[in-house]
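Working notes, beginning with the structure itself.
The values are calculated or read from the model by the stated rules, or taken from the named source; none is laboratory data. Small disclaimer: the values here were computed from a predicted structure and weren't measured. All Cβ positions, even for glycine, are placed from backbone atoms using ideal geometry, and neighbour counts span all protein chains on display.
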Amino acid sequence: MDGLVARSLSKTYRGTSGLVRALDNVDMTIAKGRLFAFLGRNGAGKTTFLKIASALLLPTAGTVHLFGIDVVEHAREVREQIAIVPQEGKPFYHLTPREHVEEYLRVRGATRETAKSRADEVLEGMGLLSYQHIPAMVLSGGLQQRTLVAMVLATEARFLFLDEPTLGMDPFARRQVWDVIRHAARKGSTVLLTTHYLDEAEQLSEELAVIEGGHVLYQGTPEALKSKVRQEIRLHFDGGFTREELSSYGEVFAERGGFTLLTTRDRVEELTRRALERKVAITVGPVTLEEAFLTLVGRAIEEEDAEALA
Amino acid sequence: MTWRTQANAIFRICYFYGFLALRRQPVFFVAIFLTPLSFLFFLYVVAPHSVLPYGVVGGVMFTALFTGNGMMTDCAYLRLERQLQQIFITSPLRPMSWILGMALGELAWTIPAIALFIVVLALVVPIGVLSVLGLVGVILLTWLLSTSLGFLLSTFFRQLREIWPIGMVVFTSLSVLPPIFYPIAAIPASYRWVAFLSPSTFASQLADHAGGLTVPTISVAPALSSIPVEVAGMVLLTVLFALMAMRLARWREP
């Protein structure tokens, strides 16, 4: 049985400038026990999808099944199987991280002993033990976010929805959270996470989907997404070249005060030579998931613009 | 989850949202106590002393009604700003248990202030155990009515900034304008029925009965002065608000 199956899922909102199609005929399948990442720009439809799948929002059309249960028709049964970290949620200001985890588990029906032992485990894993008895109101934003993620991951729910779980965390904290998410997946939870951090998706996910303008552009492994980009080498030029000059070699993005070019292996020598002639520093490396994402979404935006002009 | 685990969950929410919050920030107690105490002081200074017992009972009822204001602001705040309601309802917890837990938490915040006002009442007028029990019954009914209304109103908010002005308008209209701090006899006889347009008037009249205070007959509708009718009115309004809240609560956005 699959963890999540969405078919022809659509959601239309009434916005200030008319109807907004947040999701448009989305089909998606997430295998049980899979760690799945959802990528997309702001407003691409990630959170809308996640809210519908977690029974927080009604779809306009289509269906979602979680472990075979219809989310629209049987929300109560679905809610028993899930836990969610909402985007930009915040903990209770007066409770400590330990109280958040233990009280939430007890509200969900765990015994005092189970709540305590799971709290011990997750607080240690998330690096919160030193802060476990400090009320959230005096914790930093990153620690508050970790508290929220800890209370949800400690549930060991069958399906975990994590909407930008590491938002506002430092790189060390993010890695600690990744470990706990991986641990939850190893224990059997199916995880759907949305993120803007491409490295996070690359590190964590076994499978991912890219969404843009309510359409799923890609679903598959991160490696397969990278291979979809025809070029395999990335070169970053600190300056010395114009976009027009570089665009004949491949895809160009403005980045860090210069340009990043995605190109094929056989053009590298020529470009390196030209850079040396102009005394321009360049960095060479393999194409990353971020570039693959930018290329894929960039193409979709260009196509959409071309359609709009036509 | 069984009904037993739901009951336990309700108790846990009441514990961490009510008792723990009050223990960690006792200033809330002062904040809750201060407004009715100020009204009482004002009455003591400017009104004849015969009105004072009504003011003390008013303090009890004001505090009980305050649970509705707390319920409205807290539920809207936890849903819109903290998104904690979303975390709690996407779980085996029933939405009704979330509401009840929060409502009990609000009651926990007000218990010290209510107890203090009852002690003051006992000092002002001679009241027996039966009166206190009657008063406790009215307080519980008022709490149910007020928190049901508070939760119902919280479901309408779409932005945080709407909460405070609307809350101020609604709960000032419910707890200051109607005869809560003053006897209904102060309203001209032919207009007394108008006060019953506010659900809190039922509560305050019952509380005056329980406190052994004189409650005049409403000449236009004498039934409004009878205890069974007042109890029935409160129960009916409570059920109505609770049903509407359950129906309108946006557990799932449309």
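Here's the yes/no breakdown for (1) of a type in the set (A, V, I, L, M); (2) closer than 20 Å to residue A:153 by Cα:
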position	(1), (2)
A:188	no, yes
A:209	yes, no
A:239	no, no
A:244	no, no
Query - Single condition residue A:131 does not satisfy, out of (1) more than 14 Å from residue B:84 (Cβ to Cβ); (2) surrounded by 24 or more Cβ atoms within 10 Å (Cβ to Cβ) - result: (2)
Query raised in the report: What are the residues in the range B:158-211 that are touching a residue at least 24 places away in the same chain (Cβ under 8 Å), touching a Pro at 6+ places or on another chain (Cβ under 7 Å) and not hydrophobic (A, V, I, L, M, F, W, C), if any?
Result: B:198, B:200, B:204, B:211
Query raised in the report: Name the pairs: first residue in the range A:159-188 and more than 14 Å from every other protein chain (Cβ to nearest Cβ), second residue loosely packed, with under 15 Cβ neighbours inside 10 Å and modelled with pLDDT of 95 or more, Cβ to Cβ under 8 Å, at least 6 apart or on different chains?
Result: none
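What are the residues in the range A:68-93 that are among the small types (Gly, Ala, Ser) and more than 7 Å from chain B (Cβ to nearest Cβ), if any?
A:68
Name the residues in the range A:12-33 that are under 20 Å from the mean Cα position of the chain (by Cα) and either more than 15 Å from residue A:53 (Cβ to Cβ) or not aliphatic (A, V, I, L, M) (or both), would you? Reasoning before the result, please.
First, the residues of the range A:12-33 that are under 20 Å from the mean Cα position of the chain (by Cα): A:22-24, A:26-33.
Scanning the range A:12-33 gives A:24, A:27, A:29, A:32, A:33.
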Query - the range B:153-170, subset in contact with a helix residue (DSSP H, G or I) (Cβ under 8 Å, 6 or more places away or on another chain) and hydrophobic (A, V, I, L, M, F, W, C), residue nearest to residue B:241 (Cα to Cα) - result: B:153
Query - Complete set of residues in the range B:113-129 that are outside any helix (DSSP H, G or I) and closer than 18 Å to residue B:50 by Cβ - result: B:125, B:126, B:127
Query raised in the report: In the set B:253, B:230, B:162, which member is among the acidic types (Asp, Glu), on the phi < 0 side of the Ramachandran plot and within 17 Å of the chain's Cα centre (by Cα)?
Result: B:230
Report task. Would you please name the residue that is surrounded by the most Cβ atoms within 10 Å (Cβ to Cβ), looking only at residues in the range A:259-310 that are touching a residue at least 40 places away in the same chain (Cβ under 8 Å) and assigned to a strand (DSSP E or B)? Result -> A:282
Requested in this report: Could you tell me whether residue A:105 is in contact (Cβ under 8 Å) with a residue 40 or more places away in the chain, at negative phi and more than 9 Å from chain B (Cβ to nearest Cβ)?
Outcome: yes
